[in-house]
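Q: Input: one structure, supplied below.
The values are calculated or read from the model by the stated rules, or taken from the named source; none is laboratory data. Quick caveat, the model's predicted, so the values are computed rather than measured. A quick note on method: Cβ atoms are made from the backbone with ideal geometry, for glycine too, and the neighbour counts reach across all protein chains shown. These accessible areas exclude ligands, DNA and RNA; they are computed on the full protein's heavy atoms, side chains included. Shrake-Rupley method; radii C 1.70, N 1.55, O 1.52, S 1.80 Å.
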Amino acid sequence: MAPKKIKSNSSEVMTRKRPTIELKKEIISKYEGGMRLSDIAAKYRMSRSTISTILKRKEQLKEANVSKGVNTLTKQRPKIMEEVEKLLLVYINEKQLEGVSISESFICEKALTTYEDLQKKTPGTSAARNFVFKASRGWFEKFRHRTGIHCVTRHGEAASSDKAGAEKFVQEFRQIIEEGGYIPQQVFNADETGLFWKKLPNKTYITKEEKALPGHKPMKDRLTLLLCSNASGDLKLKPLLVYHSDNPRVFKKNNVIKQKLPVMWRSNSKAWVTRQIFVEWVTKVFAPTVKEYLQKNNLPLKCLLLLDNAPAHPPNLNEYLEGEFDFVHVRYLPPNTTPLLQPMDQQVISNFKKLYTKALFRKCFDVTNDTNLTLKDFWKNHFHVLNCVHLIDSAWNQVTYRTMNSGWRKLWPDCVPERDFEGFEQDIVDDIVFPMGQSMGLEVDNDDVEELVEEHDNELTTEELQHLQAEQEKNLAEDMSSEGEEEGKEKFPSSMIKEMIRQ
């Protein structure tokens with residue numbers, strides 16, 4: 001609409017301009033400072049009714065954060081929604097890491113619970129109090145376009161485990177083995193898992209003390225591991241480890257050469273496996289190691305790599321292996337059969353995490369027994385991600401061939417002898433509790449250790465999502481700051497860091 005033209009008392013034609021938001025804030029400030037409404041109207045050459053209209057919307061106008069010169073207050077989203085969507089992105093990334101199909105309705109439900117959790121903890125402004133979030137289809141479409149998310153089932157719930165599909169694939173897999181003439185030494189499975197590497201059981205006094213502190217954030221710094229072995233269990237590949245930081249401070253302090261670590265160290269802001277990183281591990285670690293192993297054991301140069309349908313596993317992986325590594329053949333599990341068939345999911349990863357916890361307790365026990373450090377001091381000030389890498393190596397080496405082999409009992413029962421593995425699993429837990437846990441004065445029992453192992457795979461709470469996001473921003477900022485100092489470049493602004501994390 002064109003600006004209105006009115007005649008002044010001097011019969012001159014003049015244009016009445018709509019006041020900017022900045023000017024309206026100034027008027028509100030004058031009024032709250034004690035200036036009379038009639039004086040304000042005279043000062044700004046506006047009618048009393050116009051000033052009254054501005055003052056009626058003063059709370060909304062005061063909270064408005066707009067550019068200079070803007071004169072129309074459009075509907076603004078509360079800041080809490082920005083936080084909801086940032087945490088939702090972290091959550092979706094975690095689900096994609098697990099290879100879990102998530103639906104539109106599932107995302108909307110998580111968005112609502114996250115919004116409700118944040119609303120309880122954050123005192124709302126008047127705009128936030130008047131805002132009603134419904135996680136509607138319209139919101140989802142805008143969220144999808146804003147963030148560029150993909151790999152989302154558009155309608156209905158994400159499919160549950162497909163028992164019929166799993167039973168069918170068992171028969172297909174048997175045929176693949178027979179036609180290919182594969183033996184257990186030539187058949188491999190790889191799978192990713194998250195590891196909260198700096199977390200003790202909930203009943204330990206350190207965890208209790210941390211939870212009691214004001215503004216507590218649980219010690220839940222996560223990294224991602226990819227573990228792989230063959231069906232016979234006699235070849236365990238060098239794990240892939242993906243962390244938030246490419247070069248943590250402890251690496252710089254100890255002049256760590258990452259190529260010599262017992263893991264393939266890679267990084268990105270989300271600490272999860274991407275297709276590029278996965279292909280790099282396959283071509284630089286998996287294929288060369290398997291080739292050397294087969295040749296050393298005088299076995300035919302061929303192998304089968306079984307994968308699930310996680311986004312990090314490219315469906316055309318065979319194309320990357322043409323030429324030198326064309327002896328590697330890749331097959332994928334059918335959708336929604338991973339919990340039922342994936343060998344690494346059949347207590348192999350669970351066993352590894354129990355052994356990691358055992359190695360963690362052993363480390364704490366040795367340090368407090370051989371030095372003057374208290375457990376609390378060691379844990380808070382001296383336990384770092386380099387310690388974690390060595391504990392991962394120790395735990396992975398302790399996973400036995402029997403455990404590796406037993407993981408195939410549902411998919412390929414012919415290659416697994418009948419054995420009792422339950423007692424072996426319990427022995428690991430008992431070793432954590434007795435004597436190490438109790439000798440350090442930790443209140444910990446078998447159930448507490450089992451709970452800790454299960455927590456690695458539990459649904460992340462809003463608080464945990466906030467902590468993961470904070471860790472991602474912190475580590476990325478440290479890396480960029482360090483690179484800027486070394487190369488004489490300016491530090492990246494926080495807005496750029498947040499944008500890169502969102503990508």
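Q: Scan (1) part of a loop (DSSP other than H, G, I, E, B); (2) open to solvent by 40 Å² or more (accessible area, probe 1.4 Å); (3) modelled with pLDDT of 80 or more for the single condition LYS25 breaks and write down its number.
A: (1)
Q: Just one of the numbered conditions (1) open to solvent by 10 Å² or more (accessible area, probe 1.4 Å); (2) part of a loop (DSSP other than H, G, I, E, B); (3) in contact (Cβ under 8 Å) with a residue 40 or more places away in the chain is not true of ALA310; which one?
A: Condition (1) is where ALA310 drops out.
Q: Here's a follow-up. Please work out which one of (1) without any contact (Cβ under 8 Å) to a residue 60 or more places away in the chain; (2) open to solvent by less than 50 Å² (accessible area, probe 1.4 Å) is the condition LEU305 fails and give its number.
A: Condition not satisfied by LEU305: (1).
Q: Also: Which one is nearest to the chain's Cα centre (by Cα), of the residues in the range 399-414 that are part of a helix (DSSP H, G or I) and not polar (S, T, N, Q)?
A: MET404
Q: Among the small types (Gly, Ala, Ser) and surrounded by fewer than 18 Cβ atoms within 10 Å (Cβ to Cβ): is that true of SER394 in this structure?
A: yes
Q: Next question, about the same structure. Of all residues being in contact with a strand residue (DSSP E or B) (Cβ under 6 Å, 6 or more places away or on another chain) and open to solvent by 50 Å² or more (accessible area, probe 1.4 Å) in the range 244-288, which is farthest from ASN309 (Cα to Cα)? Just the residue, please.
A: LYS258
Q: Right, another one. Identify, please: which residue in the range 73-99 is crowded, with 18+ Cβ neighbours inside 10 Å and part of a loop (DSSP other than H, G, I, E, B) and is, among those, modelled with the lowest pLDDT?
A: Filtering the range 73-99 for residues that are crowded, with 18+ Cβ neighbours inside 10 Å and part of a loop (DSSP other than H, G, I, E, B), the one modelled with the lowest pLDDT comes out as GLY99.
Q: Any residue in the range 353-368 that is more than 15 Å from VAL389 (Cα to Cα) sitting within a Cβ distance under 8 Å of a residue that is open to solvent by 10 Å² or more (accessible area, probe 1.4 Å) and among the charged types (D, E, K, R)? List the pairs, counting only those 6 or more apart or interchain.
A: LYS354/GLU425
Q: Sticking with this structure for a sec: Quick test of your reading of the structure: MET344 fulfils all but one of (1) under 23 Å from THR403 (Cβ atoms); (2) among the hydrophobic types (A, V, I, L, M, F, W, C); (3) open to solvent by 10 Å² or more (accessible area, probe 1.4 Å). Name the failing condition by number.
A: (3)
Q: Identify all residues within the range 275-320 that are small (Gly, Ala, Ser) and more than 14 Å from VAL242 (Cβ to Cβ); write none if there are none.
A: Correct list: ALA287 only.
Q: Given the conditions (1) at pLDDT 60 or above; (2) assigned to a loop (DSSP other than H, G, I, E, B); (3) on the phi < 0 side of the Ramachandran plot, report the number of the one that VAL70 does not fulfil.
A: Every condition holds for VAL70 apart from (1).
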